[in-house]
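Read through the structure below, which is laid out as structure tokens, and then see the notes.
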Amino acid sequence: MGKILTTARLWLVMTAVAFSSPAFITAHVTPRTVLNRLSSTSSFLTRTELWFNQTLDHFSPYNHDKFPQRYYEFLDYFRISDGPIFLKICGEGPCNGISNDYLGVLAKKFGAAIVSLEHRYYGKSSPFKSLTTNNLRYLSSKQALFDLAVFRQYYQDSLNLKLNKKGENPWFFFGVSYPGALSAWFRLKFPHLTCGSLASSAVVLAVYNFTEFDQQIGESAGPECKAVLQETNRLVEQRFETNKKEVKALFGAGELEIDGDFFYLLADAAVIAFQYGNPDTLCSPLVQAKNAGNDLVDAYAKYVKDYYIGTFGSSVQTYNQKNLKNTTPGEDSADRLWWFQVCTEVAYFQVAPANDSMRSSKVDTKYHLDLCKNVFGEGIYPDVDTTNIYYGGTGIAGSKIVFTNGSQDPWRHASKQISSPEMPSYLITCHNCGHGTDLRGCPQSHLNIEGNAQNCSSPDAVHKVRQQLVEKMDLWLSECQSTTGRNNI
């Protein structure tokens, strides 16, 4: 994790739903890709806000500015005073608490505390009152990793003072989607500060033209649904050529002046059904419409408005570049913030493949580059080669990192899917296993308390991977506790 885009935009919805965060994973956010939405108290382990002063620029010896960064702690299961500390990384959306997913089960099992740090710039952790392109210069994964390192030390020192003890508790990091990548990258860059990491649906590979994304959507849809989706897209484009205003209005998206924005909305609307474990919500009505000889464009418009905009909770404004240019911090700021990270570091451009595409050809590389230029100005583009050189991409040379992915999730093609002795990679295979299934259960677009997997088409597949995770955590945490000094190898 959705960050994810179909990670940032989906991380906003899922962050609002599942992490509270928001996507959504990302992977790697509001759909364009967001990741969650929660309301009931039982959806969270805690929503009590805590704050500490974070360094603005970790790479400058001259800039000592600070900003308040929001975090949370949950201590109900904590084994005083030597229990482990689980750090749940928040990503490309507001972090409104610690959600009650499978991590809570793990904390109870291991006697762990859970802490969660809001990502810089998102939610209430903004260093600036204006989000101009110049003010976003400190928004990057590299700065975010240092945030985590500084916070980890701050929290450990505070805990020692509170409990009148010395030494270190064993730490373990967790993240889904873009936070999953941060979890892996943290273990890579700061191996002395965590015993291990869970990198769930972790988008560790920056991809310029992410054609594998749509190819996976086609595979996840299956032959019948895939064919109907492609036919629907062709019919929409044909009707669009004769009366684009009418077609945009049919989908409730009349305010989207840029055609590419409109077709991105339509593509994401289909993506989230597979990414978050609700494939039948999309495929069943479209296939039924096809078999009954009904209008496929009308059927898809109904799905977009009723489910994607309605039930799932996305917003048409998420796709409006006018909205993305808004520099005033607010509830919709995550869209602009994540696009800045996309346009500078990771790309994940979900472009239409040359053949067998699941989206309009208008969503191409030029559309993405034009968006980056239009929203942030000249000279802004993603340097994916530098990002992959810095972190290693899928060739990441880390250790004690568990990678997990859902079989239906298009983001898994930006994750590490080949196991190595020090970095096992597990694929959870089932009909509705998508983004972050190991922590979220099924479906992944609304929170399942304690990550309940009973609605997965194969609960055993989820339980098996969870058991493998527990075994690795047990081993790595015990190795940490047997060492002296910093609890890590």
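Checking every one of the trypsin sites (Lys or Arg not before Pro) in segment 144-178 against DSSP loop status and a limit of 11 other Cβ atoms within 10 Å picks out 166.
What accessible area per residue, rounded to a whole number of Å², is obtained for the chain using a probe radius of 1.4 Å?
On the way: 17330 Å² over 489 residues.
Counting only protein heavy atoms, the per-residue value for the chain is 35 Å².
FRET efficiency for the residue 356 to residue 190 pair, using the beta carbon distance and R₀ = 35 Å, is estimated at 0.25. Straight-distance candidates among the lysines for linking to residue 166, with alpha-carbon spacing under 26 Å and chain neighbours fewer than 8 residues away dropped: 88, 108, 109, 189, 400.
Report the local net charge at residue 441: Lys and Arg +1, Asp and Glu -1, summed over other residues whose C-beta lies under 15 Å from its C-beta. Before the final figure, lay out each step's value.
Details: positive: 440, 464, 466; negative: 101, 409, 438, 450, 460.
Around residue 441, the surrounding residues sum to -2.
Quantify, in whole percent, the carbon and sulfur part of the accessible surface of segment 281-433 (1.4 Å probe; protein heavy atoms only). Intermediate results must be reported in sequence, preceding the final value.
Working: 2990 of 6020 Å².
C and S atoms contribute 50 percent here.
Total lysine pairs in segment 209-381 at Cα distances under 13 Å, for residues eight or more apart or on different chains: 5. Quick one: Debye curve from the alpha-carbon atoms of the chain only, equal weights, vacuum; give me log10 I(q)/I(0) at q = 0.12 Å⁻¹ to two decimals. Taken in order of the listed q values, log10 I(q)/I(0) reads -0.95. Were the residues from residue 386 through residue 50 laid out at 0.36 nm apart, the gain over their Cα-Cα distance would be 117.5 nm. The GluC sites (Glu not before Pro) of segment 382-489 that meet both conditions, a loop assignment by DSSP and at most 13 other Cβ atoms within 10 Å of the site Cβ, are 422.
For the chain, what does -39500 (n - 2.57) per DSSP helix run (n ≥ 4), summed and divided by total residues, give at 222 nm, in deg cm²/dmol to the nearest 500? If you can, show how the numbers build up before the last one.
Numbers: 15 runs with 191 residues, N = 489.
Computed ellipticity for the chain at 222 nm equals -12500 deg cm²/dmol.
The distance between label points at residue 295 and residue 161 comes to 6.6 nm (points 7 Å beyond Cα on the Cα→Cβ vector).
DSSP bridge analysis restricted to the chain gives an antiparallel fraction near 35%, rounded to the nearest 5.
Full-extension gain between residue 65 and residue 460, please, as 0.36 nm times their residue separation minus the C-alpha to C-alpha distance.
Numbers: separation 395, 0.36 × 395 = 142.20 nm, distance 4.99 nm.
That pair, residue 65 and residue 460, stretches by 137.2 nm at full extension.
Take the Cα of residue 475, step 7 Å along the line toward its Cβ, and report every residue of segment 417-457 whose backbone nitrogen sits under 12 Å from that point. What the label zone holds, given the 12 Å backbone N cut-off, is 420-425. Converting phi to 3J(HN,Hα) with the Karplus coefficients 6.51, -1.76 and 1.60 and the offset θ = phi - 60°, segment 262-268 yields 4, 6, 5, 4, 5, 5, 4 Hz in sequence order, with x at every glycine or proline.
The values are calculated or read from the model by the stated rules, or taken from the named source; none is laboratory data. Since the structure is predicted, the reported quantities are computational estimates derived from the model, not experimental observations. Methodologically, a virtual Cβ is constructed for each residue, glycine included, from the backbone with ideal geometry; neighbour enumeration extends over all protein chains shown. Calculation scope for accessible area: heavy atoms of the full protein, side chains included, ligands and nucleic acids excluded. Shrake-Rupley method; radii C 1.70, N 1.55, O 1.52, S 1.80 Å.
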